[in-house]
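The values are calculated or read from the model by the stated rules, or taken from the named source; none is laboratory data. Remember, it's a predicted structure, so these values are computed and weren't measured experimentally. We place every Cβ from the backbone using ideal geometry, glycine too, and count neighbours over all the protein chains shown. For accessibility, only protein heavy atoms count, side chains too; no ligands or nucleic acids. Shrake-Rupley method; radii C 1.70, N 1.55, O 1.52, S 1.80 Å.
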Amino acid sequence: MSRRVVRQSKFRHVFGQAAKADQAYEDIRVSKVTWDSAFCAVNPKFLAIIVEAGGGGAFIVLPLAKTGRVDKNYPLVTGHTGPVLDIDWCPHNDNVIASASDDTTVMVWQIPDYIPVRNITEPVITLEGHSKRVGILSWHPTARNVLLSAGGDNVIIIWNVGTGEVLLSLDDIHPDVIHSVCWNSNGSLLATTCKDKTLRIIDPRKSQVIAERFAAHEGMRPMRAVFTRLGHIFTTGFTRMSQRELGLWDPNNFEEPVALQEMDTSNGVLLPFYDPDSSIVYLCGKGDSSIRYFEITDEPPFVHYLNTFSSKEPQRGMGFMPKRGLDVSKCEIARFYKLHERKCEPIIMTVPRKSDLFQDDLYPDTPGPEPALEADEWLSGQDAEPVLISLKEGYVPPKHRELRITKRNILDVRPPAGPRRSQSASEPSLLQQHTLETLLEEIKALRERVQAQEERITALENMLCELVDGTD
């Protein structure tokens, strides 16, 4: 009987390829803050990158199509008084992004579809509740407007962004700095790692740790953890001898790992990016010049090495495109946005196929932009799996959708200056008013620039006439 030597997998030949030079984003001053976050967030419409900025923190938001050299005066998103440490796009609205900062605040921004004339300085809402810097953000995968933040005060706060209210505050669970937080697929559980070397599974609505494992990785360097499709926990960390290590754990039995593999010796924290559709995890180390990827299955050894994408330049950070933003016609199963010191370079992961037809085995239905629950429903104890969409016809991002903030709650935290006037149905909302004012300001600025250009042209024409008269 012949023995099968090579494991059968449709992802065995996945290969990575850097995009052409004209598809990169040049002249971006990527942030030099020493913080172990990705510094980059991407969705099917926009690319956001944390950048160097004087007098506070900032990030730049570029339409995906705006490749090439970025103008040094390109408008930034500025509003934080300290460095921005993390950014995250809302999974249910491609125009909404949250930012966390050293200044202890979280800000939520509405990004217009057009390129603004000047910096965006006014967030839709500012969330204040942490007493130290906020370094981790994560939107709920299925509930509308639910955002998690974790800070240096060892507290996790879950917000309703639509009202600005704190839904839950988990402040007695972590005795030390939180290194990573991840939701499971329906948002009912959290996996967290902490400086105390403990991996915890938390039910946030009960404020209860349901399972924990001390020293999942024995080293003192930061750990990372993500949920897999089968409900396992995939972790990256360090051994006692400072070797990088990956692990797979069953939350129902934390005594022994399902898999544990040593990798190499390096100081860079491994950031895991997990794709539940293909069950492939991509490991990107800060300061590394490679991306290693593994397939997680239910067959021993459970974590199967696939390949490594290598390049010359080390990466400062990495963005990971959601599945609905990929080009299915080219069998693209993942796309990364690698941050260099002064540019961002797309890296495309492809499964080689000869057929031009839609490959339904590579693209099962994937989470779409519609939420499955409202914030109040989730808080009351309901759970729902993500609303799935098919990628067969390709994904077209929806048009600009406004993030609606409940006016009552906004006014609750801002003392009224005088008697309130009732708002009629025809009156614009607070957010609409803000958008109108912004548009009017930009139109005014454009007119001023056009007038200045016309004056410059007139002055040049006069100089030309004087020169001509002089030569005569």
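Please list His13, His232 in order of solvent-accessible area, largest first, computed with a 1.4 Å probe with all protein chains present.
Numbers: His13 110, His232 40 Å².
In descending accessible area the options line up as His13, His232.
What distance in nm separates the two pseudo spin-label positions at Ala65 and Ile457, each 7 Å out from Cα along the beta-carbon direction?
Result: 2.6 nm between the two label points.
So how far, in whole Å, is the C-alpha centre of segment 11-74 from the one of segment 187-248?
Distance between centres, Cα-based: 29 Å.
Considering the options Ser278, Leu446, Pro367, tell which one lies farthest towards the positive end of the dipole of the chain, charges being +1 on Lys and Arg and -1 on Asp and Glu at the Cβ, about the Cα centre.
Result: Ser278, furthest along the dipole toward the positive end.
Can you check what the net charge comes to around Gly129, using other residues whose Cβ is under 14 Å from the Cβ of Gly129 (Lys, Arg +1; Asp, Glu -1)? Can you show the working numbers first?
Numbers: positive: Lys132, Arg133; negative: Asp103, Glu128, Asp153, Glu165, Asp171.
Within the 14 Å Cβ shell, the charges total -3.
Would you calculate the separation in nanometres between label points at Phe358 and Asp172, each defined as 7 Å from the Cα along the Cα-to-beta-carbon direction?
5.2 nm
Indicate, rounded to the nearest 5 percent, the antiparallel portion of the DSSP beta bridges found entirely in the chain. List each step's numbers first, then the result.
Numbers: 110 of 114 bridges.
Around 95 percent of the beta bridges assigned by DSSP in the chain are antiparallel ones.
Of Leu47, Val30, Phe59, whose Cα points farthest to the positive end of the dipole of segment 5-60 (charges on the beta-carbon: +1 Lys, Arg; -1 Asp, Glu; origin at the Cα centre)?
Leu47
Carbon-plus-sulfur fraction of the accessible area of segment 287-367, 1.4 Å probe, in percent?
Working: 1800 of 3620 Å².
Ligands and nucleic acids excluded, carbon and sulfur give 50 percent.
Calculate the spin-label point distance for Glu370 paired with Arg29, positioning each point 7 Å from the Cα along the beta-carbon direction, and give it in nanometres.
So the two model labels end up 4.5 nm from each other.
Assuming 0.36 nm per residue, please report the length gained on full extension of the stretch Ala445 to Glu466 beyond their Cα-Cα distance.
Contour length minus Cα-Cα distance gives 4.4 nm.
Please list, by residue number, everything in segment 270-288 whose backbone N is under 13 Å from a paramagnetic label point 7 Å out along Cα→Cβ of Leu230.
The answer is 279-280.
In percent, how large is the relative contact order of the chain, given Cα pairs closer than 8 Å and 6 or more residues apart?
Numbers: 1043 pairs, mean separation 65.5, N = 472.
Answer for the chain is 14 percent.
Please give the charge dipole size of segment 288-406, origin at the Cα centre, charges +1 on K and R Cβ atoms and -1 on D and E Cβ atoms. Round to the nearest 20 debye.
860 debye
Over the chain, with the other protein chains present, what is the accessible area per residue in square angstrom, probe 1.4 angstrom? Spell out each step's value before the answer.
Values: 23640 Å² over 472 residues.
Per residue, the chain has an accessible area of 50 Å².
For the chain, what is the convex hull (Cα atoms) projected area averaged across all directions, in square nanometres? Please report the intermediate quantities before stating the final value.
Working: hull surface 124.6 nm².
Projected over every direction and averaged, the Cα hull of the chain covers 31.1 nm².
Could you order the peptides 147-157, 91-101 from most to least packed, using the average number of other C-beta atoms within 10 Å per residue? Can you show the working numbers first?
Details: 147-157: 22.2, 91-101: 23.9.
My ranking of the peptides, most packed first, is 91-101, 147-157.
Take peptides 76-89, 282-295 and line them up by average Cβ neighbours within 10 Å, highest first, as a rough protection proxy.
Values: 76-89: 22.0, 282-295: 20.0.
So the peptides 76-89, 282-295, ranked by packing, come out 76-89, 282-295.
Roughly how much of Lys323 is accessible, in Å² to the nearest 10, using a 1.4 Å probe?
20 Å²
Which order do peptides 206-215, 272-281 fall in by mean Cβ count within 10 Å, highest first?
Details: 206-215: 14.1, 272-281: 19.2.
The densest-packed peptide leads the list: 272-281, 206-215.
Based on Cβ point charges of +1 for Lys and Arg and -1 for Asp and Glu, what charge dipole magnitude is obtained for the chain about its Cα centre, in debye rounded to the nearest 20?
On the way: 53 positive and 64 negative charges, 167 e Å.
Computed charge dipole of the chain: roughly 800 debye.
Quick one: helix 430-471 against the long Cα principal axis of the chain, what's the angle to the nearest 10°, folded into 0 to 90?
On a 0 to 90 degree scale, this one is about 50.
Starting at 0 and stepping by 10 Å, how many percent of the alpha carbon pairs of segment 122-175 end up in each bin?
Taking all Cα pairs of segment 122-175, the binned fractions are 25, 56, 18, 1 percent.
Expressed in nm to one decimal, what extension gain is obtained for the pair Ser311 and Ala215 from 0.36 nm per residue of sequence separation less their Cα-Cα distance? Don't skip to the answer; put the middle values down first.
Working: separation 96, 0.36 × 96 = 34.56 nm, distance 3.29 nm.
Gain on stretching Ser311 to Ala215: 31.3 nm.
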